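So the structure is just underneath, and the comments pick up after that.
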Amino acid sequence: MLERIREGSQGTWASVVLGLVILSFVFAGVGSYINSSINAAAATVNGQDISRDALEKAYQNERGRMESQYGEAFAALAGDAAYLQEFRKGILDRLISEKLIDQAALELGLRVSDAQIKQAIVQMQEFQIDGKFDNDRYLVVLRSAGFQPNGFRDYMRTDMMRRQLSKALIGTEFALDGEAKNAYDLQAQTRDGKYLTINASAFSDQVNVTEEQIQAYYSANIARFDTEQKVSVAYVELSLDDLLDGIEVTEQELNDEYEVSIGDYKTDEERRVSHILIEFGDDEASAKQQAQDILLKVNEGGDFAALAKEFSADTFSAEKGGDIDWFGAGMMDPEFEASAFSLAAIGDTSKVVKSDFGFHIIKLTDIKPEQITPFEDVKAEISTKVKTHKAEENLYALQQRMAEVAFEIPDHLDEVSAIANKPIVTTELFSRTSAPEALSSAKILNAAFDADLIAQAANSEVLELGDNHLMVLRVVNNEPERTKELAEVTDSIKQQLQIDASQNAAREWAQGILTSIKAGNDITADLAAKNVAWQEKQALTRIDGTVGQNIVTELFKLAENNSSVVDMLSGDIALVQLVKINPAAPAEAAQLDSIKSRLAQNKAQLLYSELIDSLKAGADIEIFK
């Protein structure tokens, strides 16, 4: 298999992207690969560790993504410890697969050049402004993700090797013209058919349900008659919005806030510089000497931009004469930044500056001075900010008082209601699956169905439902889950048995008609007796919605002039007969190309799964508890 991949990586199909989305994972999960502070291994793969730190961070990143995407639905699942255990196992399995792919890529001799990495980085939208690569944005984004440029290039090298392997899989798989044509012919053909619809209710007069049948059904399906626990709750709800309208602020308070928060309304000084970077390499002393020599040329009147293009290891800025655009305080390496901000005048050049990246020569090319937004321009914003802050303080104080009285007077909510100045709301009975929307969050449901609160008839603690949103509740009525008595469900069981028996009778009658058709007998009188007639359909497609889907599915299973009995979703029975298969209209070239592409991708995905399985089967994998 690995040989096929090696060959496929050189083919034209290798340009097709079966991509891994790079930055969305890099910047969400980069911590799983760098700066690990935990040496203990969660697993080893052919002697290489997957650290517990890597597993934990990948788990937290994926859990955060799921919570963001699915909200309360995932929160409910996350309350199940067994589910979370399986969830974590799935994350570890993914990390093991990635480790195996990395090892396979190295074994195959797949490599990525510096030029390929540079090209990939330049084309990433995350590093672009107005469609063009921006070096300043590049450095800021990397720093926010915990990367140094060299570390990011290493990560990109590994990631791009994985993608080479993915492309190679596509390169080894293809679909023949005949396969695409066969797939198209099957998918696009239409069928003529006819069918009888046998109404099950027409056989109800033949059905007699006995007490013994009812008892037997009840005993065999006892779990169906278990009820859900239901509760009725009373609650008091308080949010920040409830308090904002009553908040007043003075002009002095607004001015004070403006002075305290002046930094929020100030645009710090920004500087624009060009630089020449000499990386340490294997000989730091030699690198420093080279930087000193270049600085001497600059001081002797040499063209800074030309020297940057010739010597700078920062190839992105070197192409622009060393320019790295505008930046403010806290955006650059500390030593680099300190030197850049120490330059007094535009055109000044620094001494040789050492940073984590190497040795720099920095030239100041422009300055944007500090600017402060006038008070009147931000007065409305400050007013909202002060009101919100005062409301939050009030809400916090009310929360403490609500918590105290809810605990000290646990048998009603009157005092809680008085403190919050909000009414007590009482619900009808509801189950976990039928809760009112206002009470549908996992935190509220857990409190409403808490066994201790129900047994003690006590108030809940103050529930924090989100930013500045509080609730205290108590259960006022509890209807425990139970198994309904036979007498309560006799009528519904009898009705279900009658429906089942009527359907069985209809099915038996249809099977009898089918037997007569196969025997060549005349069924006209039988159909008239049940007031049933053939309905004909021409040119039915696989997705036809004019007849029942079960009928369509069965027609596309049958050979010409064959018949079959099928159950319909409505509970009735159908007798289906295929009359004719209509070949598909000739396919257009674009249609066949699209089908070939889909078939090849499906094969590639299957091959990728088989590769993972094969690598796992031959690997030495140890998972630690």
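Across Thr384, Thr553, the residue with the most accessible area heads the list, and the full order at a 1.4 Å probe is Thr384, Thr553. Solvent-accessible surface of region 368-429, averaged per residue with a 1.4 angstrom probe and all protein chains in place: 65 square angstrom. Taking every Cα-Cα distance in region 52-184 and sorting them into 5 Å bins from zero, the calculated P(r) comes out as 2, 8, 11, 13, 14, 15, 14, 12, 8, 3, 1 percent. Other residues with beta-carbon under 13 Å from the beta-carbon of Asn61 carry, at +1 per Lys or Arg and -1 per Asp or Glu, a net charge of +1. When every Cα-Cα distance of region 116-201 is counted in 10 angstrom steps from zero, the calculated P(r) takes the values 13, 24, 16, 12, 14, 9, 9, 2 percent.
Listed values for region 226-234 are Karplus-derived 3J(HN,Hα) couplings in whole Hz (6.51 cos²θ - 1.76 cosθ + 1.60, θ = phi - 60°), namely 7, 8, 7, 4, 10, 9, 10, 10, 10, and x replaces Gly and Pro. What a 1.4 Å probe finds exposed on region 403-447 is 53% carbon and sulfur by accessible area, rounded to a whole percent.
The solvent-accessible area of Thr365, taken with every protein chain present and a 1.4 Å probe, is close to 50 Å². Taking all protein chains together and rolling a 1.4 Å probe, Tyr608 ends up with roughly 70 Å² accessible.
Within the shell of other residues whose beta carbon sits under 14 angstrom from the beta carbon of Asn299, the net charge comes to -1, with Lys and Arg scored +1 and Asp and Glu -1.
Evaluated at q = 0.06, 0.08, 0.09 Å⁻¹, the base-10 log of the normalised Debye intensity for the chain, with identical point scatterers placed on the Cα atoms, takes the values -0.68, -1.07, -1.18. For the pairs Lys89/Lys181; Lys57/Lys390; Lys309/Lys351; Lys266/Lys422; Lys363/Lys385, note any where the Cα-Cα span goes beyond 30 Å. As for pairs spanning more than 30 Å Cα to Cα, those are Lys89/Lys181; Lys57/Lys390; Lys266/Lys422; Lys363/Lys385. Shape analysis of region 352-448 yields a ratio of the Cα radius of gyration to the Kirkwood radius, Rg/Rh, of 1.36.
Expressed as a whole percent, the proportion of Cα-Cα pairs in region 414-568 lying more than 25 Å apart is 61%. Within the full protein context, the accessible area of His412 is estimated at about 60 Å² for a probe radius of 1.4 Å.
Run lengths n ≥ 4 of DSSP H only: what is the helix-derived mean residue ellipticity at 222 nm for the chain, with -39500 (n - 2.57) per run over all residues, to the nearest 500? Rounded to the nearest 500, the figure is -16000 deg cm²/dmol. Long-range amide H contacts for Asp325: which residues qualify at under 5 Å (H placed 1.01 Å from N, peptide plane, sequence gap of 5 or more or a different chain)? Distant-sequence amide H within range of Asp325: Val273. Distance distribution P(r), region 304-392, all Cα-Cα pairs, bin width 5 angstrom from 0: 3, 12, 17, 20, 12, 6, 6, 7, 8, 7, 3, 1, 0 percent. Straight Cα distances below 18 angstrom link Lys230 to the lysines Lys443, Lys484, with same-chain residues fewer than 8 positions distant left out.
Note on the chain: dipole from Cβ charges, positive end direction compared against Met161, Thr172, Val141; the farthest Cα belongs to Thr172. Taken along its principal axes, the alpha carbon cloud of region 317-368 reaches lengths of 26, 25, 20 Å, longest axis first. Listed cross-link partners Lys194/Lys530; Lys297/Lys368; Lys118/Lys603 are compared with a 25 Å cut-off, the Cα-Cα value being larger for Lys297/Lys368; Lys118/Lys603.
Counting only alpha carbon atoms, the long axis of helix 375-408 and the longest principal axis of the chain meet at about 50°.
In region 557-625, the portion of solvent-accessible area held by carbon and sulfur atoms comes to 51 percent [1.4 Å probe, whole percent, DNA, RNA and ligands not counted]. If you sort Ser261, Ser219 by accessible surface, 1.4 Å probe, largest first, the order is Ser219, Ser261.
Expressed as a whole percent, how much of the Cα-Cα distance distribution for region 466-526 exceeds 16 Å? For region 466-526, the fraction of Cα-Cα distances above 16 Å is 72 percent.
Against the compact-protein benchmark of 2.2 N^0.38 Å, the Cα-based radius of gyration of region 494-611 scales to 1.49.
The values are calculated or read from the model by the stated rules, or taken from the named source; none is laboratory data. Just so you know, these numbers come straight off a predicted model, no measurement behind them. Positions of Cβ are backbone-derived with ideal geometry, glycine not excepted, and every protein chain shown enters the neighbour counts. The area values use the complete protein model at the heavy-atom level, side chains included, leaving out ligands, DNA and RNA. Shrake-Rupley method; radii C 1.70, N 1.55, O 1.52, S 1.80 Å.
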